[in-house]
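Worksheet: the structure to be examined is printed underneath.
Taken together, the values in this text are just the output of simple stated rules run on the coordinates, not laboratory data. Keep in mind it's a predicted model, so treat the numbers as computed, not measured. So basically every Cβ, Gly included, is an ideal-geometry build from the backbone, and we count neighbours across all protein chains shown.
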DNA sequence: AATGAGAACGGAGACAGCCTCCGTTTTGTG
DNA sequence: CACAAAACGGAGGCTGTCTCCGTTCTCATT
């Protein structure tokens, strides 16, 4: 008998193999064709049938969340670097850029992310990563506010929304990088306490 | 012989009838199901076949642009009201709100609009209305800058992007109105010249 | 009114995705 | 090696897009 009193059968080897193949194929397709890519094509490229894909990942969001897992870990890792910075405003700024990059990993990613952030549906696999980054953003904002460099009226959630928006502009509209920079500057001017300039 | 030397046959009556029915059905469906609604359903509700729909409006964008025509006219009409305001900052603010409402007329509208703004494809029927509102925005920004109330670094196009973004947040993410207001405030703080407060 | 030319119609059908269901195959275990 | 559970795969039902072409409708002419 095992510790939990339930002698579980050892998981089959092909499961992990297929899962990995699916994730790799999905990442490739998300990268090149956006999150709206054909799941049939992903399955075919992974060398499995449609049934297998849907058994592993019942919805597009589930597959997306799994693919995003790696990137989420990178984001967490970046937080360590950001913490090194003494200046809380610079930290906030870096964090927002990191967020923005995370959100624009694949074209069309902001939509399902916003849907998850809004609905708070515990079944949606994107809800967890979403809530995590919102909380982190609130932390950075509070730190910068304590230092007196960010307006008190600003909420972390507002800047999360701003970051998603910029990511959306980048992916959907694909405006040139210059315009994007001006929008970022506009936002930065908006949240900084007067008299604080980089 | 007619003036242009080409005796054209009088256009058939059913053409106009069908066109109108299609536009009405489309507006209803765009309103309730977003711009991604089923065109088949639109055709059925208008009481015409799919072929007729596609003959009148070869692409989804063409149909969308035609439905938007009415709203575009309302937007132009609003400009007259806005011109009444003496304060150029208030005018800019009003204009941005009007833009935002226009962009969020239907859920999913910002995507095709941004695509048109970017590509500058003369075949895309959304390019014209897009360019028009961008130019108008630039006017408002210049006026406010001349009065010294808006930073010189701000471009009209930036605020156009900001307005589309907020519209996107409203439609796609459907964040609560409070958060939206805070984002608007953030943007307003960003473009206003220091020391200028409503 | 009747006729005819041509414009406009409509829906069948080819195609692409989504997703499920269930007969077949693979895999771990005794 | 044999058995049962688990996983597989792809056919098939469904919805939606868009085209093609035989049929119908209108307008102009007589």
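What to note about this one:
- With Cα atoms, 0 to 90° folded angle of helix B:156-168 axis to chain B main axis: 70 degrees
- Residues B:160, A:30, sorted so that the one with the fewest Cβ neighbours within 10 Å comes first: A:30, B:160
- If R0 is taken as 25 Å, the Cβ-Cβ distance between residue A:185 and residue A:153 corresponds to a FRET efficiency of 0.80.
- Residue B:69 paired with residue A:83, simple spin-label distance in nm, labels 7 Å along Cα-to-beta-carbon: 6.1 nm
- Alpha carbon convex hull of chain B, volume per residue in cubic angstrom: 155 Å³
- Taking the centroid of alpha carbons for each part, region A:108-150 and region A:155-184 are 15 Å apart.
- In plain terms, the residue of A:74, A:138, B:93, A:152 with the fewest other Cβ atoms within 10 Å comes first and the most crowded comes last, giving A:152, A:74, A:138, B:93.
- 7 Å along Cα→Cβ, label-point gaps from residue B:19 to other copies, nm, shortest first: 5.8
- Sorted shortest first, the distances from the residue A:122 label point to those of the same residue in the other copies are 5.9 nm; each point sits 7 Å from Cα along Cα-to-Cβ.
- Note on residue A:62/residue A:143: beta-carbon distance plugged into 1/(1 + (r/R0)^6) with R0 of 35 Å gives a FRET efficiency of 0.55.
- Separation between Cα centres of region A:24-49 and region B:21-56, rounded to whole Å: 31 Å
- A label point on residue A:40, set 7 Å along the Cα-to-Cβ line, lies at 1.4 nm from each of its counterparts in the other copies, closest listed first.
- In percent, rounded to a whole number, the relative contact order of region B:1-141 is 23, using alpha-carbon pairs under 8 Å and six or more apart.
- Between residue B:76 and residue A:135, the simple spin-label model (points 7 angstrom out along Cα→Cβ) gives 5.3 nm.
- Above 19 Å, the calculated P(r) of region B:54-121 contains 44 percent of its Cα-Cα pairs.
- Extension gain for residue A:194 to residue A:119 (0.36 nm times residue separation, less C-alpha to C-alpha distance): 23.5 nm.
- Most fluctuating residue given options B:22, B:99, B:180, as computed from a GNM of chain B linking Cα atoms under 10 Å: B:180
- Ranked B:104, B:165, B:135, criterion: other C-beta atoms within 10 Å, fewest first: B:135, B:104, B:165
- Helix axis angle, B:177-191 relative to chain B longest principal axis, alpha carbon, degrees: 60 degrees
- Nearest 10 degrees, 0 to 90: helix A:13-33 Cα axis against chain A principal axis: 40 degrees
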